[in-house]
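Read through the structure below, which is laid out as structure tokens, and then see the notes.
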Amino acid sequence: MARLRTGGIAVQAVTTFSSLQGRASGGGDSFGGPGGVGGGGTGPALGSAQEEALVAERKEARNRHPGPTLEGIGERGPASSAMLALKTHKGGPSLVSPHICIGAREDAKNLEALKELGVTHILNCAKQLPSSHPREFVHARLELADTSEQELAPFQKAGISFLRQVEDCGGRALVHCIAGCSRSVSMVLLHLMEGHRIRLKLAYEHVRSYRMVAQPNEGFRFQLATTEVKIFGSSSVSRDADSTWNFYRWNEVKQGVPYHATEPPQSCCGCTMA
């Protein structure tokens, strides 16, 4: 597979988002301004001809691994052999949609595996990690710490805008943090709720079905639960007895929140799971 050529082409420095402050007003989905990370490597920019060429170059690889559709979440169909291999591969990135996979820092370092998967964009959600292979992918970085005190809201617009651009251009993003469990998963769940209008309960079950290690920290889960209420006006997780959504901070505020029931997920054979 030919490498993307960057020599002699105008490129953009890796973009870092420590907050939404400093972004150009009215910028919408554009990600402007340099934000050098780990030496400030350069690579293709969002919306550029280089991005278009990169997406086209790796289209065949994406076709080999199409990823699960987001349509009809909650109605599980049989996985393709390629998807099953990816789903059960220990330690590798997990495709959760045709355009998004979630992984750990080791996955971000594995250039050949990323190319084989057809990855074109990387969203780094870890404050302490530099961006990997900056010349090979379109990059953005969200300086998130994996603590219960970390606020997601200042990064939400930037992360969702980046993932929307990936979908619009037909690319594929690796969304990663250290372990691919908390920060990266939280950003993908925010995108599924806001960008695709998928309820939190179904979005979380969908992601977990393809990435079993997905487990945002309690502070992130609280913010995800309250964000769902802000977006939809009700909660799909307020009556869950499972410990994921049954913890003190959320229990304190959920009593007055309208409940929204979701359809039960289906097993791969079509029968309703308990």
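A short reminder: the numbers here are calculations on the coordinates, not readings from a lab. Values in this document were obtained by computation on a predicted structure and should not be read as measured data. Methodologically, a virtual Cβ is constructed for each residue, glycine included, from the backbone with ideal geometry; neighbour enumeration extends over all protein chains shown.
A few remarks follow.
- Restraint check, LYS59/LYS127; LYS59/LYS109; LYS59/LYS230; LYS127/LYS230; LYS127/LYS254, Cα-Cα greater than 28 Å: LYS59/LYS127; LYS59/LYS230; LYS127/LYS254
- Its alpha carbons considered, region 217-259 gives a radius of gyration followed by a Dmax of 9.2, 24 Å.
- Cβ-Cβ FRET estimate between ALA53 and GLN128, R0 fixed at 35 Å, reported to 0.05: 0.65
- Student exercise, region 105-239 dipole from Lys, Arg, Asp, Glu Cβ charges, in Debye to nearest 20: 240 debye
- Residue by residue, region 146-152 carries 3J(HN,Hα) couplings of 8, 10, 5, 7, 5, 8, 8 Hz when phi is fed to the Karplus relation 6.51 cos²θ - 1.76 cosθ + 1.60 (θ = phi - 60°); x denotes Gly or Pro.
- Cα-projected label distance for GLU116 with MET212, points at 7 Å along beta-carbon direction, nm: 2.1 nm
- Amide H partners (placed H, <5 Å) of SER235, local residues excluded: TYR259, HIS260
- Residues ARG249, ARG58, ranked from the fewest to the most other C-beta atoms within 10 Å, line up as ARG249, ARG58.
- Chain lengthening between ARG239 and ASN251 when straightened (0.36 nm per residue, less Cα-Cα): 3.4 nm
- Least to most buried among SER234, SER97 (fewest other Cβ within 10 Å first): SER234, SER97
- Computed label-point distance, nm, for sites ALA261 and GLU71 using a 7 Å Cα→Cβ extension: 2.7 nm
- Dipole magnitude of region 201-242 about its Cα centre (Cβ charges: Lys, Arg +1; Asp, Glu -1), debye to nearest 20: 80 debye
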